[in-house]
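> Here it is, the structure, as structure tokens.
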Amino acid sequence: MTEENVRRLRRHFARHNRRVIGLALATAVAALAFWGLIYLVLYWLLLLAISVAHPANAHIPLNFTHIFFASALVLCALGWVGQRLAPNEMPRDKKSPFEIALDFFLAVPRMTLAIWGNLRALQFLTNHECRLAQRLLEAIASTERFGFHQVPLEIPDERTREKILLALQISELIEIRQRAGELLIALHGAEALALSQNLVRLRAR
């Protein structure tokens with residue numbers, strides 16, 4: 001393990017966190033824009049309906065904004081409950097009309113909830129954890145078949161091991177595959193290979 005590779009790993013996580021924050025901000029801006037558009041559309045539709053019903057006294061109810069925000073919170077709560085009940089969001093070929101309507105009404109609430117989901121991808125490792133993560137990457141690069149059962153040999157502490165594995169997966173440095181009934185861990189992408197290139201070069205000589 002080299003200190004330079006550990007520093008490069010820290011920079012990798014810093015870039016990952018910047019991308020996560022950027023995506024969360026973009027999602028927040030989009031969600032606010034859609035909520036604002038929905039508010040304006042409902043406002044003018046309600047004003048139009050009141051104008052038709054009461055031409056001489058057409059004005060929006062004072063509690064319209066409060067009702068809108070309360071409804072938005074209810075829709076977000078429904079979206080959250082839906083995610084908890086059905087965490088698998090893989091697209092399906094066939095959906096009932098009710099499911100299609102539900103997807104339509106919950107599209108913006110789900111976008112709003114995605115802001116927190118994006119922020120949960122932030123990864124912060126201590127210097128010690130970065131060293132362990134780097135050692136794990138080099139151990140994976142040193143063999144053609146690195147089994148999941150070998151990880152405790154590199155990172156004995158269970159809590160630290162789970163944190164590092166999650167960080168490496170989310171930042172797209174490793175991937176877990178199942179082959180012949182065995183879980184294997186492999187490097188994923190050119191950056192993961194570059195982080196362990198010193199070891200690879202030694203083996204190639």
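> Collect residues whose amide H, placed 1.01 Å from N in the peptide plane, falls under 5 Å from the amide H of residue 146; neighbours closer than 5 in sequence don't count.
Answer set, sorted by chain and number: 185.
> Would you mind counting up the charge near residue 18? Only other residues with Cβ under 14 Å from its Cβ, with Lys and Arg at +1 and Asp and Glu at -1. Don't skip to the answer; put the middle values down first.
Numbers: positive: 10, 11, 15, 19; negative: none.
My count for the surroundings of residue 18 gives +4.
> With everything on Cα atoms, drop me the angle between helix 3-53 and the longest principal axis of the chain, reported from 0 to 90° to the nearest 10.
Taking Cα atoms only, the helix is inclined about 10 degrees.
> Continuing with the same structure: Mind checking the per residue accessible area of the chain for me, 1.4 Å probe, whole number of Å²?
Working: 13830 Å² over 205 residues.
So the chain comes to 67 Å² accessible per residue, rounded to a whole number.
> Give the angle, between 0 and 90 degrees and rounded to the nearest 10, that separates the Cα long axis of helix 158-170 from the longest principal axis of the Cα atoms of the chain.
Approximately 70 degrees, to the nearest ten.
> Can you send over the carbon and sulfur percentage of the accessible area for the chain, probe radius 1.4 Å, protein chains only? Intermediate results must be reported in sequence, preceding the final value.
Values: 8890 of 13830 Å².
Of all accessible area on the chain, carbon and sulfur atoms account for 64 percent.
> Something else now. Going by the alpha-carbon gyration tensor, a ≥ b ≥ c the square roots of its eigenvalues, is the stretch 54-125 rounded (a/c under 1.5) or, if a/c is not under 1.5, prolate (a/b greater than b/c) versus oblate?
Details: a/c = 3.59, a/b = 1.61, b/c = 2.23.
Oblate shape, in that a/c is at least 1.5 and b/c is the bigger or equal ratio.
> A further question on this structure: With percent of Cα pairs over 29 Å apart as the read-out, I listed (i) 29; (ii) 49; (iii) 15; which label goes with the value calculated from this structure?
(ii)
> Something else: Calculate how steeply helix 107-119 sits against the longest principal axis of the alpha-carbon atoms of the chain, using the helix alpha-carbon long axis, and give the answer as 0 to 90 degrees to the nearest 10.
30 degrees
> So, in Å, what gap is there between the alpha-carbon centers of the stretch 143-157 and the stretch 164-179?
13 Å
The values are calculated or read from the model by the stated rules, or taken from the named source; none is laboratory data. Quantities reported herein were computed from a predicted structural model and do not represent experimental measurements. All Cβ positions, even for glycine, are placed from backbone atoms using ideal geometry, and neighbour counts span all protein chains on display. The accessibility values were calculated without ligands, DNA or RNA, using every heavy atom of the protein model including side chains. Shrake-Rupley method; radii C 1.70, N 1.55, O 1.52, S 1.80 Å.
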